[in-house]
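The values are calculated or read from the model by the stated rules, or taken from the named source; none is laboratory data. Fair warning: this is a prediction, and the values are worked out from it, not measured in the lab. With ideal geometry, Cβ positions are generated from the backbone for all residues, glycine too; neighbour counts draw on all protein chains shown.
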Amino acid sequence: MSSLSIPAEFTLHRTNKFEHSSPLRWILSHVRPYWLIMIMLIVGAIGNAVLAVVVPVLTGDAFNAMLKPTPDTSVLLPLAITIGISQIIRGVLQFGRNFGAELMAQKMERDIRDELYLSLLGKSMTFHNLQPVGDTMARSTNDVREVNYMFSPGVNLVVGSFMFILMPIFFAPRYHISLIATPLVFTVIYFIALARYLKQLSPITDDVRESFGKMNTHLSESLDGVEIMKGAAQEDAEVNRFGINANEVRNAFVQQGDLEAKYIAMLLLGMAYATGLVHALFLFRAGLIDVGAVIAYFGMLQLLGFPTFTSTWAYSQISLGFSSARRILELINSETKLDQNASGRTSEMRGEIEFRRVSFSYPNGESVLKDISFKVKPGQTVAIVGQTGAGKTSLAKLINRTYDISSGQVLVDGVDVREWNLASLREQISIIEQDIFLFSRSLSDNIAFGKPGATKDEIMSASIAAQAHDFILDFDQTYATTVGERGVMLSGGQRQRIALARAFLTDPRVLVLDDSTSAIDSATEDKIQRAISNAARGRTTFIITHRLSQIRWADLIIVLRKGQIVAIGAHDELMKTSEAYSRIFRE
Ligand code: UTP
Ligand code: MG
């Protein structure tokens, strides 16, 4: 695996070019493509600040002209026109700066979404099982948005106002060198205070983002489980629990507001005005500067107001953006365990499956499968039977590396599954899960999920083979019927046949059918039965089932109990030799 690619599972061939070593580097790597906009932003900010200085300077000049023993009014019009033109140019620059910042922030947000989605789809099932969906949603929607705000208005205002701070330092010495003192001292204290402020702010904004993620997790879980919650009349308890989470979010925000309110910069600004004015008046009394200089200087000091006002919340925005960046990066960088082994075997499968002394446990659980060994020839049908919780589903998921085994070996065509290219392995092994998931799309899209280019004819013949065609025709919109939230709900047996149709389309070499539905009416039962035997033809098939008729005809039957094989063989043989097996048929 190349070290550049994200540790991706599955068939993602795209990689991205962003740095993942620290939040700052990550953000900078997202800024890099837009360096031109960034330069524009800085140029706009400098131009804006310099042109802002024009106003007090020219106002000072105007006062001087008026206060002469013989007032010279002829300079007033040119001064006014210069001020007017300079402020129009300033407006254009400001527009450019704001537009550039907004454009960049939106583009970055889009890039980050892309990167995150790519990364999430590339993660292993182990990751997805452990990571709460609500939290992932919060990170990939609101946190991404915060990074956008961090640049517009955040960085935009910080860069813009930073230039304003520098202006009095540059231009005050024009009147008298000592006048640099107030703006200089202000700037030094301003930055010391800012550094302290940011240090205090950082844990609080972390809290703000984290509590929000927690609230979202709770929200998504209770909506997911709303049926159970209502069934158990637990609404009140859930509302209370939600209230606690919502309070946490509020408290975090209040704390942020509290800190913002205590920020010392406003006080500092007042002090700067006072000392600057006193200083200028002293110089005036001593005859070192004229009235115009006092006015211009005081006007310049007022430029410090902009950075002071914006600093309270512009820096909060940056701090929030950083906290969010940290959370997004945490998600991107989290361990994914499986690697896709892109250089692994990709040849066509024959369909021979062998387990050699396989043991398996879930990441934070006890051992689920112990010492499992068996061998299946290409094209055979295997039935896996056993009580609930015996490990049937778990066993099936090891074949296509949904999970990696803890010890032993799983071989496909005599080659360890870890030696196979993961994409190739999964394309040729198809698992129909116990809980069949259908997307909120049309039935034909759902059937063609594994083969997006499939023609209508292909979809239809797959549905016919899967015994799904008839019930699909019963819907008003037949194959165009939308499934799920905004469309029809399908029964378990119907879902199963849609999933089988999927399998007919992709034509895998190995098919695993995890079928927990045992009691269905006999007509449907018959249809499913026929669909399954159609599907089993010409490929290695694993059927996890309670249907005796299917078990009986399997080439190999594996009886699991508490994660171990207690009997294995063909039906006739097992009926004679295995008490555990014959008991299934007697019950
Ligand atoms: P299985 O899900 O493999 O059992 O779980 P099964 O034989 O298919 O059961 P039914 O017939 O569908 O009900 C085997 C064990 O693995 C644990 C379960 O708690 C169970 O004891 N398990 C399962 C986990 O720890 N984590 C999982 O994600 C799934
Ligand atoms: Mg199961």
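Annotations
- For first residues located in segment 238-252 and over 14 Å from THR217 (Cα atoms), partners that are surrounded by 12 or more Cβ atoms within 10 Å (Cβ to Cβ) and lie 6+ apart or on another chain with Cβ distances below 7 Å form the pairs ALA252/ILE204; ALA252/ASP207; ALA252/VAL208; ALA252/SER211.
- Hits in segment 537-572 - residues which are touching a helix residue (DSSP H, G or I) at 6+ places or on another chain (Cβ under 8 Å), of a type in the set (Ser, Thr, Tyr) and buried (at least 18 other Cβ atoms within 10 Å of the Cβ): THR541, THR545
- Filtering segment 431-455 to residues that are among the hydroxyl-bearing types (Ser, Thr, Tyr) and under 19 Å from GLN494 (Cβ atoms) leaves SER440, SER442, SER444.
- Summed over segment 252-289, the residues that are surrounded by fewer than 19 Cβ atoms within 10 Å (Cβ to Cβ) and not in a helix (DSSP H, G or I) give a count of 4.
- Candidate set: segment 373-391, residues that are in contact with a helix residue (DSSP H, G or I) (Cβ under 7 Å, 6 or more places away or on another chain) and within 16 Å of ligand 1 (Cβ to nearest atom); chosen: the one nearest to THR540 (Cα to Cα): ALA383
- Test: LYS451 is surrounded by fewer than 14 Cβ atoms within 10 Å (Cβ to Cβ) and either at pLDDT 85 or above or closer than 20 Å to GLY538 by Cβ (or both): no
- Hey, PHE242 in contact with a Ser or Thr (Cβ under 8 Å, 6 or more places away or on another chain) and either within 28 Å of MET150 (Cβ to Cβ) or surrounded by 13 or more Cβ atoms within 10 Å (Cβ to Cβ) (or both) or not: yes
- Candidate set: segment 427-465, residues that are assigned to a loop (DSSP other than H, G, I, E, B) and among the basic types (Lys, Arg); chosen: the one farthest from ASN400 (Cα to Cα): ARG441
- Selection status of ILE372, surrounded by 21 or more Cβ atoms within 10 Å (Cβ to Cβ), β-branched (Val, Ile, Thr) and within 15 Å of ligand 2 (Cβ to nearest atom): no
- Residue match in segment 475-486 (condition: in contact with a helix residue (DSSP H, G or I) (Cβ under 7 Å, 6 or more places away or on another chain) and surrounded by 22 or more Cβ atoms within 10 Å (Cβ to Cβ)): no
- Test: residue in segment 404-426 that is of a type in the set (Lys, Arg), more than 27 Å from ALA567 (Cβ to Cβ) and either part of a strand (DSSP E or B) or more than 15 Å from ligand 1 (Cβ to nearest atom) (or both): yes
- Residue satisfying condition, being surrounded by 18 or more Cβ atoms within 10 Å (Cβ to Cβ), modelled with pLDDT of 90 or more and in contact with a Phe, Trp or Tyr (Cβ under 7 Å, 6 or more places away or on another chain), within set MET150, MET104, MET167: MET104
- Test: residue in segment 216-223 that is within 42 Å of the chain's Cα centre (by Cα), without any contact (Cβ under 8 Å) to a residue 12 or more places away in the chain, more than 30 Å from MET271 (Cα to Cα) and in a helix (DSSP H, G or I): yes
- When MET575 is tested against (1) surrounded by fewer than 18 Cβ atoms within 10 Å (Cβ to Cβ); (2) under 42 Å from the mean Cα position of the chain (by Cα); (3) free of Cβ contacts under 8 Å to residues at least 40 places away in the same chain, exactly one condition is not met: (2).
- Restricting attention to segment 406-448, the residues that are surrounded by fewer than 21 Cβ atoms within 10 Å (Cβ to Cβ) and within 22 Å of GLY389 (Cα to Cα) add up to 8.
- Filter result (surrounded by fewer than 19 Cβ atoms within 10 Å (Cβ to Cβ) and of a type outside the set (D, E, K, R)) within segment 313-330: TRP313
- If you filter segment 497-532 down to residues that are among the charged types (D, E, K, R) and either in contact with a His (Cβ under 7 Å, 6 or more places away or on another chain) or within 16 Å of ligand 2 (Cβ to nearest atom) (or both), you find that the one that is modelled with the lowest pLDDT is ASP515.
- Helices (runs of 4 or more DSSP H) fully within segment 290-399 that include at least 3 residues being among the polar types (S, T, N, Q) and under 27 Å from the mean Cα position of the chain (by Cα): 305-333.
- For beta carbons closer than 8 Å, sequence separation of 6+ or different chains, a first residue in segment 371-394 that is within 16 Å of GLU433 (Cα to Cα) and a second that is part of a strand (DSSP E or B) and among the acidic types (Asp, Glu), the qualifying pairs are LYS392/ASP514; THR393/ASP514.
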